[in-house]
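The values are calculated or read from the model by the stated rules, or taken from the named source; none is laboratory data. Being a predicted model, the structure only gives us computed values, none of them experimental. Because the Cβ atoms are built from the backbone with ideal geometry, glycine has one as well, and the counts that use them run over all protein chains shown. What goes into the accessible areas is simple: the full protein's heavy atoms, side chains included, and nothing from ligands, DNA or RNA. Shrake-Rupley method; radii C 1.70, N 1.55, O 1.52, S 1.80 Å.
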Amino acid sequence: MKFRLHFPKFLSPPLILVGGFILIISIGTILLMLPISNQSGEHLAFIDALFTATSAACVTGLVVVDVGTTFNLFGQIIIMVLMQLGGLGFMTIATLFALVMGKRISLRDRLLLKEAINADSMEGIVRIIRKVLIFSFTIEGVAAIILALRWATEMPVVQAAYYGVFHSVSLFNNGGFDLFGNSFQYYRGDWLFNLTASILVISGGLGFVVLNDLFEYRKRRRLSLQSKLVLSVSGALIGIGAIVLFIFEFTNGHTLAPLSWSEKIYAAIFQSVSTRSSGTSTIDITEMRQATQFFFILLMFIGASPGSTGGGIKTTTFLIMIGAVYAMIRGNKDIVFFRQRVPKELLMRALTIIMVSLIIFMVVVMLLLTTEDAPFLALMFEAASAIGTVGLSVGVTHELTDWGKIIITFTMFVGRIGPLTIAYALRPRKEKKLYRHPEGRIIIG
């Protein structure tokens, strides 16, 4: 018997993925509104529940209410489940249930899985999903144990175990939620926490295809071009981000200046790792210099890697555009990485993603400038954090008007799904043209 979700045939894979996230967010909103989810025992306002559910399902981490004091255990578990579903994707979770029940995965379901994790083909897609699930739950479980043992020294064992599980899920899925109220600023000098949290964030941000590639490296003794590019650009961005933060904030008395040398290094590295996707912090983002905040906007806009739990335009998209600029300056016709040529179609796709994301980003900033009474850079930071599904804030989120909350909610959704996926989901189906128009000459530059 085949495992089928029985979607109507006229629904395209992008439309199903968009609908799946809307369904998850809707259920989460209803549950978070209920009195049984809140410590006060009263209904949470619809707009606040919608904002929180979207932030959790889209693994962003922006909040308009404090998670630790507003929601009780039931509400916090709902948020944790939303982060897990949003990070791995509902099709991945559906595959998990199918595998557990011994069902076969149909061809259409495989196509959906290919879209869900941004794989380049359906070959071996179920095997990849199986390994990704094993890897994901294993690393979350190991990290949860390490964090629980660390926090057991300062809180009851049961609470420490719960905190370990919650924050392990949040960090691996780049969710950005925490139960401490000030993120992880208290642990900026703790090497064990910094190492564990950084591994979680990096693993979740690399992408499922890359994780599978690394998993099979012992057997194959080689990495795909995708993995080489993702690992290279991710390492470079982490290094550059840490150096820039260290230099710009070294003398800032509200961030790095009062810290010891080891704390400075830990904070710079962790914040660089977290800024592109996770949204957690070990230093006060609101007290950073404007130059640093603007640089963080650039990192958040780039985001994580394709098929990962993070958002943004993605590292490979950014690298392809850098490669195109380099090729043009050098007079080369092709974009080449590791002696392999990048197809022109990918360049067009990368350019489209960047331009559409920039347009959405600019429109969101303009709308926030209209509805909110806050500094320009702060609203730009908020918009970048939402579209990159990062979750960092310079203190604007709690002061958003209802219109501002709606704008950010929509931006988080677009950032998680991806502007192209939404565009593909909404576009009408048209037959391909069998002819090409004549080439025209245009002067640019």
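See the values below:
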read-out: Unmet criterion (only one of (1) closer than 22 Å to residue 191 by Cβ; (2) of a type in the set (Val, Ile, Thr); (3) free of Cβ contacts under 8 Å to residues at least 60 places away in the same chain) for residue 251; value: (1)
read-out: Residues being on the phi < 0 side of the Ramachandran plot and modelled with pLDDT under 90 - total across region 34-57; value: 4
read-out: Elements of type helices (runs of 4 or more DSSP H) in region 271-382, at least 2 residues being within 16 Å of residue 234 (Cα to Cα) and open to solvent by 50 Å² or more (accessible area, probe 1.4 Å); value: 315-330
read-out: Contacts under 7 angstrom Cβ, first residue in region 58-85 being over 22 Å from residue 394 (Cα atoms), partner part of a loop (DSSP other than H, G, I, E, B) and of a type outside the set (A, V, I, L, M), 6 or more apart; value: 71/39; 72/39; 79/177; 83/173; 83/175; 83/177; 84/173
read-out: Filter result (surrounded by fewer than 21 Cβ atoms within 10 Å (Cβ to Cβ) and closer than 19 Å to residue 316 by Cα) within region 212-221; value: 214
read-out: Any hit, region 390-406, residues being in a loop (DSSP other than H, G, I, E, B), more than 30 Å from residue 172 (Cα to Cα) and polar (S, T, N, Q); value: yes
read-out: Cβ-Cβ under 9 Å pairs, at least 6 apart or on other chains, region 177-192 side within 16 Å of residue 256 (Cα to Cα) and among the charged types (D, E, K, R), far side at pLDDT 90 or above and open to solvent by 50 Å² or more (accessible area, probe 1.4 Å); value: 188/263; 188/266; 190/150; 190/266
read-out: Residues satisfying the stated conditions in region 304-326, i.e. at pLDDT 90 or above and among the small types (Gly, Ala, Ser); value: 323, 324
read-out: Matching residues, region 245-265, being more than 22 Å from the chain's Cα centre (by Cα) and either in a helix (DSSP H, G or I) or within 22 Å of residue 303 (Cβ to Cβ) (or both); value: 246, 247, 248, 249, 261, 262, 263, 264, 265
read-out: Considering residues of region 1-30 that are open to solvent by 50 Å² or more (accessible area, probe 1.4 Å) and touching a Phe, Trp or Tyr at 6+ places or on another chain (Cβ under 9 Å) only, the residue modelled with the lowest pLDDT; value: 15
read-out: Top-ranked residue in region 241-268 [being buried (at least 21 other Cβ atoms within 10 Å of the Cβ) and among the hydrophobic types (A, V, I, L, M, F, W, C); ranked as nearest to residue 281 (Cα to Cα)]; value: 267
read-out: Count of residues meeting criterion [more than 19 Å from the chain's Cα centre (by Cα) and without any contact (Cβ under 8 Å) to a residue 40 or more places away in the chain] in region 24-57; value: 18
read-out: Hits in region 31-54 (condition: in contact with a Lys or Arg (Cβ under 6 Å, 6 or more places away or on another chain) and surrounded by fewer than 19 Cβ atoms within 10 Å (Cβ to Cβ)); value: 47
read-out: Helices (runs of 4 or more DSSP H) lying entirely in region 43-88 (those with 1 or more residues that are out of contact with any helix residue (DSSP H, G or I) (no Cβ under 8 Å at 6 or more places or on another chain)); value: 67-70, 73-88
read-out: Index of the failed condition, residue 425 passing every other in (1) farther than 24 Å from residue 273 by Cα; (2) open to solvent by less than 30 Å² (accessible area, probe 1.4 Å); (3) modelled with pLDDT of 90 or more; value: (3)
read-out: Residue match in region 363-375 (condition: under 20 Å from the mean Cα position of the chain (by Cα) and under 19 Å from residue 315 (Cα atoms)); value: no
read-out: Test for residue 339: is it at pLDDT below 90, out of contact with any helix residue (DSSP H, G or I) (no Cβ under 7 Å at 6 or more places or on another chain) and under 23 Å from residue 277 (Cβ atoms); value: no
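Every residue, every condition in (1) modelled with pLDDT of 65 or more; (2) open to solvent by 30 Å² or more (accessible area, probe 1.4 Å); (3) not in a helix (DSSP H, G or I), yes or no:
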| position | (1), (2), (3) |
| --- | --- |
| 108 | no, yes, no |
| 113 | no, no, no |
| 118 | no, yes, yes |
| 122 | no, yes, yes |
| 128 | yes, no, no |
| 131 | yes, yes, no |
| 142 | yes, yes, no |
| 148 | yes, no, no |
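Every residue, every condition in (1) touching a strand residue (DSSP E or B) at 6+ places or on another chain (Cβ under 8 Å); (2) surrounded by 23 or more Cβ atoms within 10 Å (Cβ to Cβ), yes or no:
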{"site": "153", "(1), (2)": "no, no"}
{"site": "158", "(1), (2)": "no, no"}
{"site": "168", "(1), (2)": "no, yes"}
{"site": "186", "(1), (2)": "no, no"}
{"site": "189", "(1), (2)": "no, no"}
{"site": "225", "(1), (2)": "yes, no"}
